[in-house]
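Enquirer: Structure below; questions to follow.
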Amino acid sequence: MSDVARKRKRANELNGSQWTKYSISVWSDIRKSAEERSLKHPAMFPESLITRLIQCFTTSDDKVILDPFMGSGTTLLAAKNMGRHGIGFETNREYVELAETRLSQQSLFGEDDYEIHNASAQEIPNILAPESADFCVTSPPYWNILNQKRTADNKEIRNYGNIDGDLSLIDNYHEFIDALGLIFQGVYKVLKQGKYCIVNVMDLRKGSRFYPFHSDLARKMEDIGFIFDDIIIWDRRLDYNNLRALGYPSVFRLNKVHEFLLIFKKP
Ligand SMILES: C[S@@+](CC[C@H](N)C(=O)[O-])C[C@H]1O[C@@H](n2cnc3c(N)ncnc32)[C@H](O)[C@@H]1O
């Protein structure tokens, strides 16, 4: 077998012990750094989460890393620090500026090898070439939940600025899932065959109604053509320190301390 053929067969460049550790389906050791906790975005990824996902689901030949809901630019930062080319879409200009500042402060690889579009992710198939991305990792808005009064912890509302095109402005849950579906149709077009798309979501509750966001989105992704390949549970107990007796004493409610990393693959 030639070197090229052998390399092509590899899923990633992890060694055996990393492979075993990261293959455990609950990730409990990932949390934001102090710097990440201080930044003004209500729902940022820790860079270490994205680094690990890129390590697990790509090789160093997979250069183009797409984040349709870029926020503060964590995906692009992780991509850049791994010598990859990140592409982000974001509707809110303030977050685009935050991402640019973060990216300019850290330049392990010298050049500014990233691309930011201050545009809706709906534009992805109009801006990017078909089958041009090697990996997609993202966290969409969690419906309009950030615009709701926070009854669990009474904290002040922090939303994404309610900018035109922001999906969290859609009040009807089914319309919101459909709009997400349209965006992931575009992602499907620009992703290369056999490549992965990881979507971070959390299930939602509004009063007495439970919304299984992860399964509703997974069904939509399968309709688009993605293979629903697996789930990693991101255990966030280290970050969530506001646990209370929700619903006590009339109805037993769960304190959600996990999020989903839904693993999709383009056949
Ligand atoms: C959960 S946050 C992503 C946070 C990001 N992972 C980070 O590390 O900062 C979702 C982001 O999607 C943005 N957004 C909402 N609708 C959008 C759309 N149609 N196209 C692109 N971005 C959108 C919001 O402004 C918000 O910053």
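The values are calculated or read from the model by the stated rules, or taken from the named source; none is laboratory data. What you see is a predicted model; the values in this text were computed from it and never measured. Reconstructed Cβ throughout: ideal geometry from the backbone, glycine too, with neighbour counts over all protein chains shown.
Enquirer: Would a scan of the stretch 96-114 turn up a residue that is surrounded by 21 or more Cβ atoms within 10 Å (Cβ to Cβ) and near the ligand (Cβ under 9 Å from one of its atoms)?
Expert: The answer is yes, given that some residue of the stretch 96-114 is surrounded by 21 or more Cβ atoms within 10 Å (Cβ to Cβ) and near the ligand (Cβ under 9 Å from one of its atoms).
Enquirer: Among the residues of the stretch 193-214, write down those that are surrounded by fewer than 21 Cβ atoms within 10 Å (Cβ to Cβ), more than 18 Å from Val26 (Cα to Cα) and either at pLDDT 95 or above or of a type in the set (Lys, Arg) (or both).
Expert: Hits for the stretch 193-214 are Gln193, Gly194, Lys195, Leu204, Arg205, Lys206, Arg209, Phe210, Tyr211, Pro212.
Enquirer: Can you report the number of residues in the stretch 168-192 which are part of a helix (DSSP H, G or I) and at pLDDT below 95?
Expert: 2
Enquirer: Go over the candidates Leu204, Leu180, Leu217 one by one and state the one that is farther than 29 Å from Asp134 by Cα and within 17 Å of the chain's Cα centre (by Cα).
Expert: Going through Leu204, Leu180, Leu217 in turn, just one is farther than 29 Å from Asp134 by Cα and within 17 Å of the chain's Cα centre (by Cα): Leu204.
Enquirer: Return the pair list, or none, for Cβ contacts closer than 9 Å from residues in the stretch 236-252 that are assigned to a loop (DSSP other than H, G, I, E, B) to residues that are among the acidic types (Asp, Glu) and modelled with pLDDT of 90 or more, at least 6 apart or on different chains.
Expert: Sorted first by the residue in the stretch 236-252, then by its partner, the pairs are Arg236/Glu259; Leu238/Asp29.
Enquirer: Looking at this structure, is Asp229 part of a strand (DSSP E or B), away from the ligand (no atom under 16 Å from the Cβ) and within 17 Å of Lys265 (Cβ to Cβ)?
Expert: yes
Enquirer: Still on this structure, I have one more. Applying the selection to the stretch 38-65, what residues are more than 12 Å from the ligand (Cβ to nearest atom) and at pLDDT below 85?
Expert: If the condition is that a residue be more than 12 Å from the ligand (Cβ to nearest atom) and at pLDDT below 85, then Ser38 is the only one that fits.
Enquirer: Hey, another quick one. Please work out which residue is farthest from Arg37 (Cα to Cα), limiting yourself to the stretch 71-107 and to residues that are aliphatic (A, V, I, L, M) and touching a Ser or Thr at 6+ places or on another chain (Cβ under 8 Å).
Expert: Top of the filtered list is Met82.
Enquirer: Quick test of your reading of the structure: Asp235 fulfils all but one of (1) acidic (Asp, Glu); (2) over 30 Å from Ser132 (Cβ atoms); (3) in contact with a helix residue (DSSP H, G or I) (Cβ under 6 Å, 6 or more places away or on another chain). Name the failing condition by number.
Expert: (3)
Enquirer: Answer with yes or no whether Asn15 is of a type in the set (S, T, N, Q) and crowded, with 18+ Cβ neighbours inside 10 Å.
Expert: No, not satisfied.
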